[in-house]
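Each remark here refers to the structure printed beneath this line.
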Amino acid sequence: MGMTMTQKILAAHAGLDHVEAGQLIEADLDLVLGNDITSPVAIHEMDKMTVKEVFDKDKIALVMDHFIPNKDIKSAEHCKCVREFACRHDITNYFDVGEMGIEHALLPEKGLTVAGDVIIGADSHTCTYGALGAFSTGVGSTDMAAGMATGKAWFKVPSAIKFNLVGKPSKWVSGKDVILHIIGMIGVDGALYKSMEFVGEGIAHLSMDDRFTIANMAIEAGGKNGIFPVDDKAIAYMKEHSKREFKIYEADEDAVYDEEYTIDLSELKPTIAFPHLPENTKTIDEITEDVKIDQSVIGSCTNGRIEDLRIAAEILKGRKVKKGIRCIVIPATQAIYLQALKEGLLEIFIEAGAVVSTPTCGPCLGGYMGILAEEERCISTTNRNFVGRMGHVDSEVYLASPAVAAASAVTGKISAPAELGL
């Protein structure tokens, strides 16, 4: 019986020739990630251990991104805890105000994640790095503590679902529409503890930013991880951003999959997830009534990359955010912010009547920089639309691509770019 791509990576890191779905293994870690919310818990757990040092100061990444710059005393204390820990252990990859970014955009940009890695992070969207052909998954803070102390983690080897992507997406269809379509098709538990493995000739038509978005939201289908094959685009990205060696793994021809789906990208349309689950999807032409909004958020670890900002700027250029609508744009990293500045994108956003924030997770988790009041609606490029996710329990979040979020900011209702003549 052959192994999937994910199973091959896990077998190699466990020192085994072969693993099977359901098998319990202990694997070596290439990177352990934490942020300003989850790291303090892990640090306090590590303090309880007899281990006094981290396993490798170069293989731990601590990213202050959720409440940065600090929004209140509690968030300041959390960051102080992590800052002191990073200093005490001389952590190489510690990112704070001025050099930070949203973790899942920052780490690939910094070259800390490459193909063939095993990565754990105390954040559920750690599965993002599967876009580069790595096995990466979210864990709890206690597992993060154990990982920082030992450089190892226990895993149950996941079974897999194969998604065969064919065709070429149309102009305003992006990776966000692809993953929302998939989640709408299989449900929020359709890939529970399974590896979502993406294959097919259609991948060539997806940019790296598209792939990061798709892998990022694997967890929203219950997936243990999402993973893409390593092609020329992925190799070029890693060579540009990283000095680390990478290893390419490919699934065996006789690898076993629980299910297989074929998705024709050319048939996809702009897709929106209605409240209060990512699986509650409708294509733009299935929306028969005006869905008026109060706020549009363009950013997050899902859609705050430079390509996302370029798409939003293309739509907002020469147009105005509708009076009474709040449009918040958040570049995912300092480098993306600077690139957007150099390209004139920030000027377009501001002239359109949007605001541009420093990199932060802020509004995505209802933290700050875009909290919703009772009965307010937000169209957002973030990854979750659970009850109360962005504020009041009686507010609503609609998930969409940057193209739809930008067009909706102009019209004041959920809209595709086509409604603006684009």
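Here are the numbers:
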{"item": "In order through the stretch 101-118: 3J(HN,Hα) via Karplus (6.51 cos²θ - 1.76 cosθ + 1.60), integer Hz, x for Gly, Pro", "result": "x, 5, 3, 7, 8, 6, 5, x, 4, 7, x, 8, 10, 9, 4, x, 6, 10"}
{"item": "For the stretch 258-391, share of DSSP beta bridges that run antiparallel, in % to the nearest 5", "result": "25 percent"}
{"item": "Percent accessible area from carbon and sulfur atoms, the stretch 259-346, protein chains only, probe 1.4 Å", "result": "47 percent"}
{"item": "Estimated distance in nm for a label pair at K80 and D285, the labels positioned 7 Å out from Cα along Cα-to-Cβ", "result": "5.8 nm"}
{"item": "GNM top mover of V188, V291, V54 - the chain, alpha-carbon springs below 10 Å", "result": "V291"}
{"item": "Cα→Cβ-extended label distance, 7 Å offset, between S266 and R310, nm", "result": "2.4 nm"}
{"item": "CD proxy at 222 nm, helix term only [per DSSP H run n ≥ 4: -39500 (n - 2.57); per residue of the chain; nearest 500]", "result": "-8500 deg cm²/dmol"}
{"item": "Pairwise label distance in nanometres, D90 with E245, each label 7 Å out on the Cα-Cβ vector", "result": "2.5 nm"}
{"item": "For the chain: relative contact order, % (alpha-carbon pairs under 8 angstrom, 6 or more apart)", "result": "17 percent"}
{"item": "In the stretch 169-260, the GluC sites (Glu not before Pro) that fall in loop regions by DSSP, at most 10 other Cβ within 10 Å", "result": "E245, E253"}
{"item": "Nonlocal amide H pairs with K413, under 5 Å, H built at 1.01 Å", "result": "I293"}
{"item": "Carbon and sulfur %, accessible surface of the stretch 50-159 computed with the full protein complex present, 1.4 Å", "result": "53 percent"}
{"item": "Centre separation in Å (Cα based) which lies between the stretch 346-422 and the stretch 21-99", "result": "30 Å"}
{"item": "Cα gyration tensor shape for the stretch 54-113, rounded if a/c is under 1.5, else prolate or oblate", "result": "oblate"}
{"item": "Ranked packing of 21-29, 222-230, most packed first, by mean Cβ within 10 Å", "result": "222-230, 21-29"}
{"item": "In the stretch 23-74, trypsin sites (Lys or Arg not before Pro) in a DSSP loop with at most 16 other beta-carbon atoms within 10 Å", "result": "K52, K57, K71"}
{"item": "Antiparallel bridge percentage (DSSP; both residues within the chain; nearest 5)", "result": "20 percent"}
{"item": "Other-chain or far-sequence residues with amide H under 5 Å of N280's (modelled H)", "result": "F274"}
{"item": "Given [x] 22.6, 77; [y] 20.5, 64; [z] 25.5, 90, the label whose value is Rg and Dmax of the Cα atoms in Å derived from this model", "result": "[y]"}
{"item": "Which listed pairs, of K8/K57; K156/K243; K282/K413; K57/K152; K57/K156; K176/K413, have C-alpha distances above 22 Å, in listed order", "result": "K8/K57; K156/K243; K57/K156"}
{"item": "Built amide H within the under 5 Å cut-off of S380, gap 5+", "result": "V297, Y398, L399, A400"}
{"item": "Span from the the stretch 194-244 Cα centroid across to the the stretch 111-165 one, whole angstrom", "result": "13 Å"}
{"item": "Distance-filtered residues of the stretch 231-270 - backbone nitrogen under 20 Å, label point 7 angstrom along D58 Cα→Cβ", "result": "238-248"}
{"item": "Where K247, K152 fall by accessible area, highest first, once all protein chains stay in place (1.4 Å)", "result": "K247, K152"}
{"item": "Phi to ³J(HN,Hα) by Karplus 6.51 cos²θ - 1.76 cosθ + 1.60 over the stretch 257-266, Hz, x for Gly, Pro", "result": "10, 5, 9, 9, 10, 10, 10, 8, 4, 5"}
{"item": "The stretch 296-308 - phi-based ³J(HN,Hα) in whole Hz, Karplus 6.51/-1.76/1.60, Gly and Pro as x", "result": "10, 10, 10, x, 5, 5, 8, 9, x, 8, 4, 5, 5"}
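The values are calculated or read from the model by the stated rules, or taken from the named source; none is laboratory data. All values derive from a computational prediction rather than experimental measurement. Note: ideal-geometry Cβ built from the backbone for every residue, glycine included; neighbour counts use all protein chains shown. Side chains are part of the model used for accessible areas, which takes the heavy atoms of the whole protein and leaves out ligands, DNA and RNA. Shrake-Rupley method; radii C 1.70, N 1.55, O 1.52, S 1.80 Å.
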